[in-house]
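See below for the structure under consideration.
The values are calculated or read from the model by the stated rules, or taken from the named source; none is laboratory data. In this text the structure is predicted, and so the values were computed from the model without any measurement. Don't worry about glycine lacking a Cβ; one is built from the backbone with ideal geometry, like all the others, and counts go over all protein chains shown. Heavy atoms of the whole protein, side chains included, go into the accessibility calculation; ligands, DNA and RNA do not. Shrake-Rupley method; radii C 1.70, N 1.55, O 1.52, S 1.80 Å.
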Amino acid sequence: MELRVFTDSRCLGHVAPPGYPECPERLAGILSHLRGAGLDVEDLAPLGSAGMTGGVGAAAEPAVLPDAATTAAVLDLHAEAYVRRFERAAGRGDALLDSADNPLSPGVWDAAWAAVAATLAAADWVMAGGGRTALAAVRPPGHHAEASTAMGFCFFNNVAVAAEHLRRRHGAERVAIFDFDVHHGNGTQHLFEERADVFYASTHQFPFYPGTGAASETGEGAGAGATLNVPLSAGTGDDGYAAAITGQVLPALRNFAPDVLLLSAGFDAWERDPLGGMAVTAAGFEQWGEWLRRLAAELCGGRVLAVLEGGYDLDHLPGLVAAHLRGLAAG
Ligand SMILES: [Zn+2]
């Protein structure tokens, strides 16, 4: 069992106006904590690498984004007109894209592409051997992004783009995504709800932003039955989540039998998250990791790709991520 963290320092370059909880400090704190804990963190664009003139030990120049491969992966799911609209709005210096929750910044275009690129690098690494677990430690997050609409701090749907990349370029026939962010991943659900090859399961506070994710939403057409929503009432803690995950999510994933397991790993169901209204503890996130590790070992050669979504308590988010990774990596 190997664990590796993938990131790209350009993800830190999207600085929203004051008051937006989706800020660079979220990711900076996570990376600092994980490095301090001795984890292997692979940075696609280490700070200070750009512009260095070389020399012994100097990092390679990071790839200019968007590169051809990352562009192709994004355009597999997002409309080209949307990508161009985002580019124009960012280039003009517009304040927002599509929603008051999606402020633009001078670094947002590069950050959004870097988040996808680091997620794809993590996906490629997971598929290059058995028993590999990766965390794509990226921002902006992705699971609210629709094919043609930015929403909820999200511009490109990182986890969904990775799922499609695994289908098309790694020969994975069945990909499962479990989204445990406190918010429902409307974008991910909508991108795959008519398909039988990508299973989407979500536990989330309900009713809550973004409004989707009722238990009755189970997939459409060929995708009927390949969506599982487990809406939970405000205040749900470790016991309620344990019942939902062991009673519904894990059996559904086992029944689907994926070739690789993806996680939309949001930590805003934590008991004191400023955006969420749930009561999950650090021990809860660790326990979920253990369950998911065992399930992945049983179903898909231990291949797990966790992609960071939400989590907004700057002081505690790094510890929550570390707790979940302990569970995913233990044993
Ligand atoms: Zn969230």
### Message
Around residue 159, under 11 Å between beta carbons, what's the net of Lys plus Arg minus Asp minus Glu among the other residues?
### Response
-4
### Task
Just check the stretch 219-315 against the gyration tensor rule for me: Cα atoms, a ≥ b ≥ c as the square roots of the eigenvalues, rounded for a/c under 1.5, and otherwise prolate or oblate depending on whether a/b exceeds b/c.
prolate
### Message
Can you tell me how the stretch 73-114 classifies by the Cα gyration tensor, rounded, prolate or oblate, using a/c under 1.5 as the rounded cut?
### Response
prolate
### Query
Accessible area per residue, 1.4 Å probe, Å², for the chain: what's the number?
36
### Query
Relative contact order for the stretch 52-206: what is it in percent, counting Cα pairs under 8 Å that are at least 6 residues apart?
20
### Query
Once phi is turned into ³J(HN,Hα) by the Karplus curve 6.51 cos²θ - 1.76 cosθ + 1.60 with θ = phi - 60°, what whole-Hz value does each residue of the stretch 302-318 show in order, with x for glycine and proline?
x, 7, 9, 10, 9, 10, 5, 10, x, x, 10, 8, 4, 6, 10, 3, x
### Query
Which three extents, in whole angstrom, do the alpha-carbon atoms of the stretch 132-270 cover along their principal axes, largest first?
41, 33, 32
### Task
Between 246, 149, 119, find the one with the highest GNM mean-square fluctuation for the chain; connect C-alpha pairs within less than 10 Å.
246
### Query
In whole percent, how big is the carbon plus sulfur part of the accessible area of the stretch 86-172, probe 1.4 Å, protein atoms only?
49
### Message
Connecting C-alpha atoms closer than 10 Å in a GNM of the chain, tell me which of 163, 28, 137 has the biggest fluctuation.
### Response
28
### Task
Work out from phi, with θ = phi - 60° and the Karplus expression 6.51 cos²θ - 1.76 cosθ + 1.60, the ³J(HN,Hα) of each residue of the stretch 122-134, listed in order in whole Hz, and give x for Gly and Pro.
5, 5, 4, 5, 4, 7, 7, x, x, x, 9, 10, 10
### Query
Ordered by residue, what ³J(HN,Hα) values in Hz, to whole numbers, does the stretch 211-225 give under the Karplus form 6.51 cos²θ - 1.76 cosθ + 1.60, where θ = phi - 60° and Gly and Pro are x?
x, 8, x, 5, 4, 6, 7, 10, x, 10, x, 4, x, 4, x
### Query
What does the convex hull of the Cα atoms of the chain come to per residue, in Å³, rounded to a whole number?
125
### Query
Under a GNM of the chain (C-alpha, springs under 10 Å), which listed residue has the highest mean-square fluctuation: 43, 313, 94?
94
#### Entry: Most positive-pole-ward Cα, 244, 260, 319, against dipole of the chain from beta carbon charges
260
